[in-house]
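Here's the structure we're looking at; comments come further down.
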Amino acid sequence: MTELVLRHLNAALGGTRIVHDVSLDIPGPGFVGLVGPNGAGKTTLIRAIASLIPFEGDILLDGDPLACSTSPNHARNLARRLAYLAQNAESHWPIEVSRLVALGRLPHLEPFRKMREADEKAVAHAMQLADVERYRGRDVMALSGGERARVLLARALAVEAPLLLVDEPVASLDPYHQLRIMEVLENYAKNSGRIVIAVLHDLSLASRFCDRLVLLHEGRVRASGAPQDVLTDRNLEDVYRVKALTAMEGETRFVVPLSRTE
């Protein structure tokens, strides 16, 4: 079972420290929402976990360190263990949709070898999960922004990595596909023993679908735990500076911001 451990993690951008002394234990399977106001350090933290920027401290995936390295073997191994979908990710060249999704299998392929049956199945399954099968055969550049976002999510799912990091995966989607993608990420974690960490701004979606939330404020962890324990009235007022209407349906807490506190 996958486990992610962060110990005293610090990360800086342009000489300014953005993430301060973050320590977390995240056992799998689980769908973790990384929440907090703009500028809280969410994207910086997720990029540090992905080894895309330098960091201080320790990041362990199943007991093995994830660290920035220029070694080709390290990069290949990391690409198998960790998939990352950036905020506002785009495809910048014309390519057929299924071929773009198939790029997610590159870390598993030997040089100059074609995809195996297992790779083909992984691509087909990822396209089904992200609801992009209908676009097979089409040029990705001919799709809308929301449709391309789902194709790029399918590419990340096709990696079948133990750890999936996604930065604002529902930002450009209509309500139907927001719900569908959140369901996909929830099931992807629970049904396969994997960990999914998603940067999210919609607090109702986060509280409904995530097993756990990590609330960042000014680069530090303000709260971590079950959604109802993190999105308290006090945290919403102190961190987000809003008053919210909250409602429970079963064990799910819905959060609707109503007014600013200042």
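The values are calculated or read from the model by the stated rules, or taken from the named source; none is laboratory data. This is a predicted model, so every value here is computed, not measured. When we count neighbours, we look across all protein chains shown, and the Cβ atoms used for this are built from the backbone with ideal geometry, even at glycine. Heavy atoms of the whole protein, side chains included, go into the accessibility calculation; ligands, DNA and RNA do not. Shrake-Rupley method; radii C 1.70, N 1.55, O 1.52, S 1.80 Å.
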Seminar exercise, completed: With a 1.4 angstrom probe the carbon and sulfur portion of accessible area for the range 175-262, in percent, totals 45
Exercise. GNM on the chain, C-alpha springs below 10 Å: top fluctuator among Tyr240, Tyr84, Tyr176?
Worked result: Tyr176
Seminar exercise, completed: In terms of the alpha carbon gyration tensor, root eigenvalues a ≥ b ≥ c, rounded if a/c is under 1.5 and otherwise prolate when a/b exceeds b/c or oblate, the range 71-203 is oblate
For this session: Rank-order 190-196, 31-37 by packing density, defined as the average count of other C-beta atoms within 10 Å over each peptide's residues, highest first.
Result: 31-37, 190-196
Seminar exercise, completed: So the carbon and sulfur contribution to the accessible area of the range 21-66, 1.4 Å probe, in percent, is 48
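Using mean Cβ contacts within 10 Å as the protection proxy, how do 95-105, 12-22, 127-137 order, highest first?
95-105, 127-137, 12-22
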For this session: Match the structure shown to one of the listed values (1) -0.24, -0.32, -1.26, -1.39; (2) -0.29, -0.36, -1.10, -1.20; (3) -0.34, -0.43, -1.15, -1.26 of log10 I(q)/I(0) by the Debye sum over Cα atoms at q = 0.07, 0.08, 0.16, 0.17 Å⁻¹, computed from it, and give that label.
Result: (1)
Exercise. Which trypsin sites (Lys or Arg not before Pro) in the range 225-262 pass both tests, a DSSP loop state and at most 16 other beta-carbon atoms within 10 Å?
Worked result: Arg241
For this session: May I ask you to give the percent of accessible area on the range 78-117 that is carbon plus sulfur, with a probe radius of 1.4 Å?
Result: 55
Exercise. Share of antiparallel DSSP beta bridges in the chain, in percent to the nearest 5?
Worked result: 60
For this session: With θ set to phi - 60°, apply the Karplus curve 6.51 cos²θ - 1.76 cosθ + 1.60 along the range 141-151 and write out the HN-Hα couplings as whole Hz, x wherever there is a Gly or Pro.
Result: 6, 8, 8, 6, x, x, 5, 5, 4, 6, 5
For this session: Tabulate in residue order the Karplus-calculated ³J(HN,Hα) for the range 77-83, using 6.51 cos²θ - 1.76 cosθ + 1.60 with θ = phi - 60°, rounded to whole Hz; enter x for Gly and Pro.
Result: 5, 4, 5, 7, 8, 9, 10
Exercise. For the range 159-173, what does the Karplus curve 6.51 cos²θ - 1.76 cosθ + 1.60, with θ = phi - 60°, yield as ³J(HN,Hα) per residue in whole Hz, taken in order and with x for Gly and Pro?
Worked result: 5, 6, 7, x, 10, 10, 10, 9, 9, 6, x, 10, 4, 9, 9
Seminar exercise, completed: Averaged per residue, the 1.4 Å probe accessible area of the chain, protein heavy atoms only, in Å², is roughly 49
Problem set entry | Fraction of beta bridges assigned by DSSP in the range 195-261 that are antiparallel (%, nearest 5) | 100
